[in-house]
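Structure first, commentary second.
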Amino acid sequence: MIESNCGEVRELLPLHAEGALADPTEVVEHIATCAECGAELELVRVLAASRPAAPDGLASTISAAVLADASLASGSDTPPAAAVEPGRRRSVTPWWQLTAAAVAALALGVGVTSSLGTPDLDVAPEYASELEEGDLFVSGDGLLAGAPALEALSDEALMQFLDELQVIDGGAA
Amino acid sequence: MEVTDAELVERARSGDARALDELVRRHTDAAFRVALSYVREEDTARDVVQDAFLKAFRALETFRGDAAFKTWLMTITANEARGVLRKTKRWKEQPIEEAAPVPDDKIDPASAAVMSDEVGRARALLQSLPEKQRLSVSLRVDEGLSFREIGAVIGSSEGAARVNYFHGIRRLRELME
């Protein structure tokens, strides 16, 4: 038998505690003569016994969201019913594409109002007049750009904005 | 024989909804534990896990299979969790030498009351360790990841993951005595 030391055995304790070692002989024999490693094995077993699980229903919620997201991305008309909240209009554009398009349009809107001087608030849409420079940002992964700006809009302004982008109810993305 | 993750990934890429669902059900618990180890709030962890799955499946075409799907998902989950912590100004990287455990009085009293037994106490104390130590211990004990995989998930080298694991275990043993 290869002489085992504490370092090698300690690395294997989590696997041994799970019964995942193909041949636990070396660990078992070492534990029998090493109180330190034996105590550590007990701690690992105690930790493994308290392993938390996800809350009930979380997997189903995520599965529905993922399937709805996949359906939207592929243009399918039949996402799972559970994935669409009642009373909400369903966009045919995945949200991450929407925010990218939104930022482009919002940035354009800011540019237009800046080039024209003070915007006419009577005719400028709310989404243009409410924006400030700090509202626009691009995250590291590019997925959250413009989200704060959209969140700041009223429902009415948001719907006006989305309608103008033609991303609702079958419009072009 | 159980279908492997690699087979499910291939089927999911082809639009197989049941394969997507099975991948979610297999790995939600593990992803939740990773998220919870970072954010330490159940509601926030739920959001992190959902966002991580959405990002993972959107990027499924880029998954080359060099790592296990589980490890890849956990890396995305960890990135997502760190992003959430950065946004809420709570995330602060600490070198191992300077890392100090959260004092016992920072542990949620309600949780501590429920977890009065040894098992619950050990888990509560694990949550009090510095971030990389608790992640390294959790990923090793709860998920059985190698130190190389742990390093990939927490953004460290394999050696640093090993050191963090042993520091964490040693500290836990001290706290349990």
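The values are calculated or read from the model by the stated rules, or taken from the named source; none is laboratory data. Computed from a prediction, not measured in an experiment: that's the story for all the values here. Virtual Cβ from ideal backbone geometry, glycine too; neighbours counted across all protein chains shown. For the accessible areas, the whole protein counts, side chains as well, though only heavy atoms, and no ligand, DNA or RNA atoms are used. Shrake-Rupley method; radii C 1.70, N 1.55, O 1.52, S 1.80 Å.
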Considering segment B:61-74, residues that are at pLDDT 90 or above and open to solvent by less than 30 Å² (accessible area, probe 1.4 Å), and then whichever is farthest from the chain's Cα centre (by Cα), we arrive at B:PHE69
How about segment B:135-146: which of its residues are within 12 Å of chain A (Cβ to nearest Cβ), open to solvent by less than 10 Å² (accessible area, probe 1.4 Å) and out of contact with any Leu (no Cβ under 8 Å at 6 or more places or on another chain)?
B:SER136
Before we move on, is B:GLU118 touching a helix residue (DSSP H, G or I) at 6+ places or on another chain (Cβ under 7 Å) and more than 15 Å from A:ALA48 (Cβ to Cβ)?
no
Any residue in segment A:16-31 that is surrounded by 13 or more Cβ atoms within 10 Å (Cβ to Cβ), facing chain B (nearest Cβ under 9 Å) and part of a helix (DSSP H, G or I)?
yes
Taking A:ALA68, is it closer than 18 Å to B:MET176 by Cα and either more than 10 Å from chain B (Cβ to nearest Cβ) or surrounded by 13 or more Cβ atoms within 10 Å (Cβ to Cβ) (or both)?
no
Within segment A:51-65, can you find the residues that are open to solvent by less than 20 Å² (accessible area, probe 1.4 Å) and over 15 Å from B:VAL48 (Cα atoms)?
A:ALA64
Residue hits (segment B:124-134; open to solvent by 20 Å² or more (accessible area, probe 1.4 Å) and either away from chain A (no Cβ under 13 Å) or within 17 Å of B:GLU177 (Cβ to Cβ) (or both)) are B:GLU131, B:LYS132
Out of all the residues in segment A:39-46, is one or more more than 10 Å from chain B (Cβ to nearest Cβ) and either open to solvent by less than 20 Å² (accessible area, probe 1.4 Å) or modelled with pLDDT under 95 (or both)?
yes
Tell me which residues, restricted to segment A:1-15, are within 11 Å of another protein chain (Cβ to nearest Cβ) and surrounded by 20 or more Cβ atoms within 10 Å (Cβ to Cβ).
A:ARG10, A:LEU13, A:PRO14
If I go through segment B:147-176 residue by residue, how many of them are more than 9 Å from every other protein chain (Cβ to nearest Cβ), surrounded by 17 or more Cβ atoms within 10 Å (Cβ to Cβ) and either free of Cβ contacts under 8 Å to residues at least 24 places away in the same chain or closer than 17 Å to A:ALA49 by Cβ (or both)?
2
